[in-house]
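Some notes on the structure that comes next.
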Amino acid sequence: MDSISEKFLTKRYRGRLTQIPIYIGKFLRMFIYQNDWKVIPMAGFIAFLVAFVVRNSFYVTMEGTSKGALALMSVALWNGFFNSIQVVCRERNIIKREHRSGMHISSYIFAHMVYQGFLCALQTVTSIVVFLYMDLKFPSDGVVSGYFLIDLAITIFLITYAADMLSLLLSCIVKSTTAAMTVMPLVLMIQLIFSGSMFSLPISMKPVTKYMISYHATACICAEADYNNLTSSSGWNMLKKMAERDDADPEIKAMVLEMEATGQDEIVRRETAKSNYNVNYENTYENIKYHWHALVMFALFFAAMSVVVLEFIDKDKR
């Protein structure tokens, strides 16, 4: 019998609170000795790739900000999913044995919540440092804290943590690590499809987006970036492409050249921006807090469901 199971057999470690630090210590040892720390440089590398692609338009135009928010949301989801997708299923037999020895499932999951929060915080700091190093264009003022980087860091952390807790729940449900890695891309794809920004969904399906981490993540990042007050280049870029065609109408070419010379292209950008206005991206304290609260509730719900699912582990024949 291992040392943790032996502790659970003593009266001293039968309480829920006394078991939490035991598992936190175990997870920290795994972080150091079982290479769980590798998720940190991986987060930095992914942040570097995203920053390299979107740094010229992120927080500059509506289109660039929308794409950047989607990319940043995807990075945070990916980091969160990889943190915990295998942590329960890979030691299912150990958990079953220790549960029968007196381990409380709620203590085990709460210890994971603390440890996974630690991982998510390190990934968030790493991502922000990489973004600064890559010289991404960030606003200076934040709506909630007064500093944009602080608001963005909180958002990235909450996205990563909510995805982490969803992944933890999946790890409690699936039969093996192979099944976990098979399910994860499917769940990630569902999150992307129903994010509300990547695909045009039927009206009947749009309410589903409200129950997705990805929707609140993208909306929160765009709101913090003051998306609705940025200019839009899509309309003007379309006009320029029309004028640059070899078979373009001479009148269109002349009109585009005149508008560009007289500065009227800015009018097109502003009018296009008005048509792209999104009420879900309003740069207000209430709107950002709403999305933060939604992400927190997702994390708490998934953690609670993990406890419920894992409580039946003794009846599991796997």
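Below is a table of values for the structure above.
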item: Boolean, residue 59 is aromatic (Phe, Trp, Tyr), in contact with an Asp or Glu (Cβ under 9 Å, 6 or more places away or on another chain) and part of a helix (DSSP H, G or I); result: no
item: Test: residue in segment 134-145 that is within 17 Å of residue 224 (Cα to Cα), of a type in the set (Ser, Thr, Tyr) and more than 14 Å from the chain's Cα centre (by Cα); result: yes
item: Number of positions in segment 53-89 that are at pLDDT 85 or above, surrounded by fewer than 21 Cβ atoms within 10 Å (Cβ to Cβ) and either hydroxyl-bearing (Ser, Thr, Tyr) or over 15 Å from the mean Cα position of the chain (by Cα) (or both); result: 1
item: So residue 108, is it among the hydroxyl-bearing types (Ser, Thr, Tyr) and surrounded by fewer than 20 Cβ atoms within 10 Å (Cβ to Cβ); result: no
item: Residue in segment 164-179 that is more than 24 Å from residue 70 (Cβ to Cβ) and free of Cβ contacts under 8 Å to residues at least 60 places away in the same chain present; result: yes
item: Residue match in segment 120-129 (condition: in contact with a Ser or Thr (Cβ under 8 Å, 6 or more places away or on another chain) and among the polar types (S, T, N, Q)); result: yes
item: Residue match in segment 202-223 (condition: at pLDDT below 90, in a loop (DSSP other than H, G, I, E, B) and over 11 Å from the mean Cα position of the chain (by Cα)); result: yes
item: Residue in segment 100-123 that is nearest to residue 44 (Cα to Cα), counting only those that are among the aliphatic types (A, V, I, L, M) and under 25 Å from the mean Cα position of the chain (by Cα); result: 122
item: Conditions (1) crowded, with 20+ Cβ neighbours inside 10 Å; (2) at positive phi; number of the one not met by residue 35; result: (1)
item: Pairs, first in contact (Cβ under 8 Å) with a residue 60 or more places away in the chain in segment 294-313, second of a type in the set (Lys, Arg) and part of a helix (DSSP H, G or I), C-beta under 7 Å, six or more apart; result: 313/96
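The values are calculated or read from the model by the stated rules, or taken from the named source; none is laboratory data. Only a predicted model underlies this, so the values are computations on that prediction, with no experimental measurement involved. Neighbour counts are summed over all protein chains in view; Cβ atoms, including those assigned to glycine, are modelled from backbone coordinates with ideal geometry.
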